[in-house]
1. Can you give me the number of residues within the stretch 272-288 that are in contact with a Phe, Trp or Tyr (Cβ under 8 Å, 6 or more places away or on another chain) and either free of Cβ contacts under 8 Å to residues at least 24 places away in the same chain or part of a helix (DSSP H, G or I) (or both)?
2. Out of (1) without any contact (Cβ under 8 Å) to a residue 60 or more places away in the chain; (2) in contact with a strand residue (DSSP E or B) (Cβ under 9 Å, 6 or more places away or on another chain); (3) more than 30 Å from Leu199 (Cβ to Cβ), what's the single condition that is false for Val269?
3. Quick test for you: out of Ser121, Ser71, Ser59, pick the one residue that is of a type in the set (S, T, N, Q), closer than 23 Å to Ala18 by Cα and under 17 Å from the mean Cα position of the chain (by Cα).
4. Return the total of residues in the stretch 142-173 being under 16 Å from Val128 (Cα atoms) and in contact (Cβ under 8 Å) with a residue 60 or more places away in the chain.
5. What's the total number of residues in the stretch 212-238 that are charged (D, E, K, R) and crowded, with 20+ Cβ neighbours inside 10 Å?
6. Are any of the residues in the stretch 206-228 outside any strand (DSSP E or B), acidic (Asp, Glu), touching a residue at least 24 places away in the same chain (Cβ under 8 Å) and farther than 16 Å from Asp272 by Cα?
7. Mind counting the residues in the stretch 312-326 that are buried (at least 17 other Cβ atoms within 10 Å of the Cβ) and either assigned to a helix (DSSP H, G or I) or without any contact (Cβ under 8 Å) to a residue 12 or more places away in the chain (or both)?
8. Filter the stretch 190-211 down to the residues that are under 19 Å from the mean Cα position of the chain (by Cα) and of a type in the set (Ser, Thr, Tyr), then identify the one that is surrounded by the most Cβ atoms within 10 Å (Cβ to Cβ).
Amino acid sequence: MKGRNTLKNSGKDLYNPAFSHIYIEKEIITHPNTTRILSGFPGSRKIEIARYMDVFSRSGQDFVMQKRSPSLILAKKYDNFIYKGAPVCQDFGNHHFYYATLVMNCIYDCEYCFLQGMYPSANIVIFVNLEDYFSSVEKMLEKHPVYLCLSYDTDLMALEHKTGYVREWVSFAGQHQDLVIEVRTKSASIKAVKSLPPLENVILAWTLTPDTVQKNHEHNTPPLQQRISCIKEAVNRGFRVRICFDPLIYSKDWLSSFSEMVDTVFAEVPADRIIDAGLGVFRISRDYLKRMRKNRPGSAITQYPYEYDNGVYHYGRKLSGSMTESARDIISKYIPYEKIYIWKEAEGR
């Protein structure tokens, strides 16, 4: 450990840069999306593999260390292209609510993120066979409208400069008016926003947290002001924009920090151009938190003494309820109550 710190302090680094190694399943090595994605990594070492699980699910991996130097894995998904929305996700009043796993894992490193509790690896898997996802959605659309969340297991917009997947899905949505897609992000890529046409059935949703949370717990993410600038660009271009204040992270001064953030946002973003807002207090499944605590023994978020019931750790009904009500009151200065969607359990439903 002493040697590692010495190298770090001397300006050297034992870790490879992100995506210095790219693993590619043999079956999709000539797929057009594979070719396009690989063109963005001319200096990376390419390694052919049989199945992505051989790399992604191997034993003995260190999630936190891999976050410092993740590999990229290009793969084919064979089934379960679309999932029914999970109970811990907000459906924003949509009955036919689904999500798609286009990418596994995220380039950001948020201490509260459930992905570190769900996956054995911090390496990023990109499924290249978008055509199969599109076919699955089209079959569903024959039966009923579909509301589809595309960034549940990743931040798709943050990878747009490498994948072009958001552009592909926006184009697909433009051909299917009964499909509504939501792309949730913490990114601040104005270039990516400018590359997309605003459509009525496309929602761009930004997750915002106070500066203190971003600086201390959302590693590698753009700061609040950069996200606000990106939201302004999206609004000015005519996109339907949602703002998500989720998760709320408790600290002694959380309320003042949250209030300051909300005022800062709507001092620059016209509230009447925001379609709605999401709100939720931090909560995490038991099994996920167990792994997260092992991965991050020094994190104030993972080591907090949460209360537990029904398979979920949370701040407790009293504190969670108080945080929810206080936050909703602050947001309602700008967004009508009926347009503030709250995670169901926070309201006791």
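1. Count: 2.
2. (3)
3. Just one listed residue meets the conditions, Ser121.
4. Residues meeting the conditions: 5.
5. Qualifying residue count for the region: 2.
6. Yes; the residues of the stretch 206-228 include at least one that is outside any strand (DSSP E or B), acidic (Asp, Glu), touching a residue at least 24 places away in the same chain (Cβ under 8 Å) and farther than 16 Å from Asp272 by Cα.
7. 3
8. Only one residue tops the list, namely Thr209.
Computed from the coordinates by the stated procedures, all read-outs in this text should not be read as laboratory data. Since this is a predicted model, take the numbers as computed values, not measurements. Backbone-built Cβ (ideal geometry, glycine too); neighbour counts: all protein chains shown.
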